[in-house]
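Shown next, in C-alpha cells, is the structure this report addresses.
No lab work stands behind these numbers, since they all come straight from the coordinates. Being a predicted model, the structure only gives us computed values, none of them experimental. Note that we place each Cβ from the backbone using ideal geometry, even for glycine, and neighbour counts take in every protein chain shown.
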C-alpha cells in the first residue's frame with residue numbers, strides 16, 4: 001500500500017505565503033539555522049541520547065522534503081533518509097534505521113516538542129510511516145536565541161559593546177537575524193495551530209481528511225490578526241541590502257544593550 005502523499009497538502013490549510021517557506025528554508029540550511037537550534041542539546045542540563053552530527057543529517061533531509069516544497073509535513077520513510085532520493089537530487093545519510101528511530105523518538109512528543117508526527121489510516125489500515133514536520137514556532141525561536149547568543153559571546157570576548165561600537169556580525173548573519181524577526185512575528189500567530197499538531201494523537205483517516213482540516217482551521221489566526229506580519233514576510237526581500245541591515249542591526253543592538261544594562 002503506497003503512501004498517500006497527497007494528504008500532505010494539509011499544509012495548504014495554513015495559507016502561509018510562499019515567501020515564508022523560502023525564507024525559513026534558507027535560514028535553516030544556507031544560514032546554518034538548524035545547527036544553531038541543535039545547540040540546545042549540547043547543554044549539560046539536557047540529557048539526550050542524540051549524536052548531534054547524525055541528528056543534523058537526518059533533520060536536514062526532513063527540511064529538504066518539507067519546506068523546500070512549501071509543506072510543513074511529509075511522509076519520510078527511514079529508507080529514504082538512508083538511501084537518499086536521487087529523483088529529487090537528495091543524497092542519502094550514513095545512518096542506521098536504529099539511529100534514525102532514536103533521533104525521531106528523542107525529538108518528538110512525549111520527549112520533546114522539536115518535531116510533530118501524525119499517523120494516517122487508509123481503508124482501516126494504519127501506515128507505519130507517520131507524517132513528520134518541525135514545530136516551526138519553537139524551532140525558529142531557538143534559532144534566533146542561539147544566533148544572538150553567539151553574537152553575545154563574540155561581543156563579550158572583544159568587549160565590543162564598549163570599546164568597539166562598530167563591531168557587527170557578518171552580512172549573512174544580519175540577513176538571517178532580520179528574516180528570523182519577520183518569521184517569528186508571523187509564527188507567533190500560528191503557535192496554537194502547531195500546538196494542535198503536536199498534541200494530536202488520533203490517526204487521520206485518509207478518507208475523511210477534510211474533517212481533520214476543519215479541526216486544524218479552528219486553531220488558525222484570523223486574516224486580520226496576521227496580515228501585517230505576512231506583508232512583512234513578503235516585503236522582506238526588499239530590505240536585504242547590506243546598508244539597510246547594518247542600520248537595522250545597530251538600532252537593534254542599541255536597544256538590547258539598553259535593556260541589558262538598564263539604560264533608560
Over region 5-260, what is the percentage of antiparallel beta bridges among all DSSP beta bridges, to the nearest 5?
-> 80 percent
Figure the gain on full extension for residue 184 and residue 89 (residue separation times 0.36 nm, minus the Cα-Cα span) and round it to one decimal in nm.
-> 31.2 nm
Inter-site label distance for residue 196 and residue 53 at 7 Å from Cα along Cβ, in nm | 4.2 nm
Would you mind checking the tilt of helix 136-158 against the longest principal axis of the Cα atoms of the chain, expressed as 0 to 90 degrees and rounded to 10?
-> 30 degrees
Sorted by Cβ density within 10 Å, fewest first, the residues 80, 185 = 185, 80
With springs connecting C-alpha atoms under 10 Å apart, model the chain as a Gaussian network and identify which of 79, 135, 26 has the largest mean-square fluctuation.
-> 79
Footprinting exposure proxy for 99, 243 (fewest neighbouring C-beta atoms within 10 Å first) | 243, 99
In percent, what relative contact order does the chain have, based on Cα pairs under 8 Å that are 6 or more apart in sequence?
-> 21 percent
Ranked 214, 144, criterion: other C-beta atoms within 10 Å, fewest first | 214, 144
Once label points are set 7 Å from the Cα along Cα→Cβ at both residue 224 and residue 42, what is their separation, rounded to one decimal in nm?
-> 4.6 nm
If one takes the longest principal axis of the Cα atoms in the chain, at what angle in degrees, from 0 to 90 and to the nearest 10, does the Cα axis of helix 242-260 lie?
-> 80 degrees
Listed highest first by mean packing, meaning other Cβ atoms within 10 Å per residue, what order do 57-70, 197-210, 114-127 come in?
-> 57-70, 114-127, 197-210
May I ask for the angle, rounded to the nearest 10°, between helix 97-107 and the longest principal axis of the chain, with both axes built from Cα atoms and the value confined to 0 to 90°?
-> 60 degrees
Can you give me the P(r) profile for the chain? Cα pairs, bins 10 angstrom wide beginning at 0, each as a whole percent.
-> 6, 27, 33, 23, 9, 2, 0
Quote the FRET efficiency, to the nearest 0.05, computed for residue 69 versus residue 251 with a Förster distance R0 of 41 Å and r equal to the Cβ-Cβ distance.
-> 0.70
